[in-house]
Amino acid sequence: MKQVVIIGNGMVGYKFCEKFVAHKSSGQYHLTVIGEEIRPAYDRVHLSEYFEGKSPDDLCLASRAWYQEKGIDLHCDELVIRIDRLKKQVLTNKGKSYPYDKLILATGSTPFVPPIEGFNKKGVFVYRTIEDLKAIEGYAKNIGRQHKAKAAVLGGGLLGLEAAKAVRDLGLEPHVIEFASRLMPRQLDDDGASVLKEVLEQMGLHIHLNKNTRQVEGNGRMTQLSFADGALLQAQMLIISAGIRPRDDLARGCNLSVGPRGGITVNDQMLSSDPDIYAIGEVALYKDMIYGLVAPGYEMAQVAANQILGNDVRMADKVDMSTKLKLIGVDVATFGDPLIQNQETRTIAFVDRFKKTYKRVNVSKDGNNLLGGILVGDAKDYNMLLQITQNSMALPANPEDLILGQRGENNDMGSVMDLPETASICSCENVTKSEICEAVSSGA
């Protein structure tokens, strides 16, 4: 029986296992999963729900019993320290070795910690794992006894805003520190970020933009932050959520090809520079990019599983980064190319300061194609707008109707039944319209 070893038991590593064992031809392979955390894979996307009362078991994607039922050997609390490509085996910190015919690197990423003086003081945390959250929770209870204890979050992106919600739920006064001039600078434009900022401030978050953090101050335990502009912010806790770095140390150690800024270089089959080693998820560098969303990682897992099983499934040339999130109860969605701006594009935007909503669509100059857009505060039309973009569906005579609604008698937007059979209805699992219709017809 051929041996497939998966290093990393995060969401993408688990998805690989799920997709692999679902194939009829998987019986000739044996899967071994090695994960350094003490528990099986869990849902990092909804990690902040831990502070809302969900237990680690609630966040678990699959129990140990599931792995056993599928014939998968799961080794938790074990760290792979070296890959021996010549002998085709991996070695762990427990002195064990595991042979492989095919190797999957799903090691994910680590939080990027900017070079800030004093970041090793007590009260400074990263926001990545359940163990991180437990440490944050324990420290928050300690400083929460102080009057108006403050917690700063370094980073105004997706994870940073989730961390800010977490410290607010813990009873601390949250302060978000962002280096850029707006929140979520990679996803939102100035107007969309402005509306989001207004909503979050109404919820009690304090937003600090254009801030270059210089030092964490305090005598062993942090008491305040100092910035390059001379400003100070008193805070008893700092959570760093300023981006990610791919965990490619194992690849470097065995001389696999990596990018100049990190990440294991892969082709559209998810193959590394070694024909028996695949990389998927946030450690994989595909088309010179690291994709920090779960949907591309799931697609990579499916591609790698199919390739090993002999099916020629490949990654698309352009990875769809469309996403819909609920940040602290606020809908935020982007689709297609949300920030495109050139002479061949028309941008139509609508801001409602009263309802705190923002909608933007980017349309081709001839008005025939929807290229992308942004939704803040109201994302109920996200799915249809995404499908119109992905499938080049016809637009209304007045493209502004896409965000302002129909003002005439005829509804030009169409419905889900107008979508082509190949339209992807669930991007995470890549489920198409035809597959759903077939399941309904068969009584599933």
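Here are a few things to note about the model shown:
- Oblate is the label for the chain. Its Cα gyration tensor axes, ordered a ≥ b ≥ c, give a/c of at least 1.5 and b/c at or above a/b.
- Extension gain, GLU400 to LYS2: 0.36 nm times the residue separation minus the Cα-Cα distance gives 137.7 nm.
- Bridge type composition, segment 156-260 - antiparallel percent by DSSP, nearest 5: 70 percent
- Relative contact order, percent, the chain [alpha-carbon distance under 8 Å, six or more residues apart]: 13 percent
- Close Lys pairs in segment 323-413 (alpha-carbon distance under 21 Å; sequence gap of 8 or more, or different chains): 11.
- Straight Cα distances below 26 angstrom link LYS122 to the lysines LYS134, LYS141, LYS148, LYS150, LYS165, LYS211, with same-chain residues fewer than 8 positions distant left out.
- The chain: antiparallel DSSP beta bridges as a percent of all, rounded to 5: 55 percent
- With helices as the sole contributors, the chain gives -6500 deg cm²/dmol at 222 nm; each DSSP H run of n ≥ 4 counts as -39500 (n - 2.57), and the sum is divided by every residue.
- Straight Cα distances below 17 angstrom link LYS15 to the lysines LYS24, LYS70, LYS102, with same-chain residues fewer than 8 positions distant left out.
- Averaging the Cα positions of each part gives two centres, and for segment 233-274 and segment 116-191 these lie 22 Å apart.
- Across the options LEU59, VAL126, ALA316, the greatest Cα extent toward the positive end of the charge dipole of the chain (unit charges at beta carbon of Lys, Arg, Asp, Glu) belongs to VAL126.
- If you plug the beta carbon distance of GLU49 and HIS206 into 1/(1 + (r/R0)^6) with R0 = 30 Å, you get a FRET efficiency near 0.80.
- Taking amide hydrogens as placed 1.01 Å from N in the peptide plane, the amide H of THR223 sits under 5 Å from those of GLU217, GLY218, each at least 5 positions away in sequence or on another chain.
- Put a dot 7 Å past the Cα of LEU79, heading toward its Cβ, do the same for ASP190, and the two dots end up 4.6 nm apart.
- Phi angles across segment 181-188 convert, under the Karplus curve 6.51 cos²θ - 1.76 cosθ + 1.60 with θ = phi - 60°, into 3J(HN,Hα) values of 8, 8, 6, 6, x, 7, 10, 10 Hz, Gly and Pro given as x.
- Relative contact order of segment 301-405, defined on C-alpha pairs under 8 angstrom at six or more residues apart (%): 23 percent
- The string of couplings for segment 100-116 from the Karplus curve (6.51, -1.76, 1.60, θ = phi - 60°) is 9, 9, 10, 10, 10, 9, 10, 7, x, 9, 10, x, 7, 10, x, x, 10 Hz, one whole number per residue in order, with x for Gly and Pro.
- In Hz, Karplus ³J(HN,Hα) per residue of segment 147-154 (6.51, -1.76, 1.60; θ = phi - 60°; x = Gly, Pro): 6, 6, 5, 10, 10, 9, 10, 8
- For the chain, a simple Cβ point-charge model (Lys and Arg +1, Asp and Glu -1, everything else neutral) yields a dipole of about 1440 debye relative to the Cα centre.
- Residues of type aspartates and glutamates that LYS87 reaches as a straight line, Cα spacing below 16 Å, ignoring anything fewer than 8 places off in the same chain: ASP101, ASP274, ASP276
- Cβ crowding within 10 Å averaged over residues, with 366-373, 262-269, 341-348 ranked highest first: 262-269, 366-373, 341-348
- Estimated at 0.36 nm per residue, the fully extended path between ASN255 and ASN142 surpasses their Cα-Cα distance by 36.1 nm.
- Per-pair calculated FRET efficiency, R0 = 45 Å: ARG346 and ILE38 via Cβ, rounded to 0.05: 0.30
- Tail beyond 26 Å, pair distance distribution of segment 124-240 (Cα, percent): 15 percent
Any read-out appearing in this document is the output of simple, stated calculations on the displayed coordinates, not a laboratory observation. Model, not experiment: these values are computed from the prediction. Neighbour counts run over all protein chains shown; Cβ positions are idealised from the backbone, glycine included.
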